[in-house]
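First comes the structure, then the notes that go with it.
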Amino acid sequence: MYSKNTELKNVSGLHARPASEFVSMAKTFESKVTVRRLDDEAAQPANAKSIIKILAQGLSVGTPIEIVADGPDEQEAVEKLFELVESKFGED
């Protein structure tokens, strides 16, 4: 298992287009990938390969998240998804 924490920096957070990009990238990895918001102790990890689960998290700008992957390509999965979040999904 490999994980990394970050904060959503793009204006729209993980909604619509950015969420779709995130899920599409997550699906390219064999590992199980989840996202959990860190500002809510009751928050459960969401399947990062499910657009419905990601959108249901209500992840907006400034939300701290943990990206976790477990499987053969776990480190690459987390690092690539981390980079996508850090890039603000191409938004300025």
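Evaluated against (1) within 12 Å of the chain's Cα centre (by Cα); (2) touching a residue at least 60 places away in the same chain (Cβ under 8 Å); (3) within 15 Å of F89 (Cα to Cα), G13 falls short on exactly one condition, (2). Among the residues making up region 1-60, those that are among the charged types (D, E, K, R) and either within 12 Å of V85 (Cα to Cα) or exposed (fewer than 15 other Cβ atoms within 10 Å of the Cβ) (or both) are K4, E7, K9, R17, E21, K27, E30, D39, D40, E41. Selection within region 47-92: residues that are among the hydrophobic types (A, V, I, L, M, F, W, C) and touching a Pro at 6+ places or on another chain (Cβ under 8 Å). The member of this set that is farthest from F29 (Cα to Cα) is F89.
Suppose the filter is free of Cβ contacts under 8 Å to residues at least 24 places away in the same chain and of a type outside the set (S, T, Y); does D92 pass it? The answer is yes for D92.
One residue stands out among those in region 71-85 that are among the acidic types (D, E) and surrounded by 14 or more Cβ atoms within 10 Å (Cβ to Cβ): the one that is farthest from N10 (Cα to Cα), which is D73.
Values in this text are rule-based calculations from the coordinates and carry no lab data. Predicted, not measured: the structure shown is a model, and the values here were computed from it. As a convention, Cβ positions derive from the backbone with ideal geometry for all residues, glycine included, and neighbour counts pool all protein chains shown.
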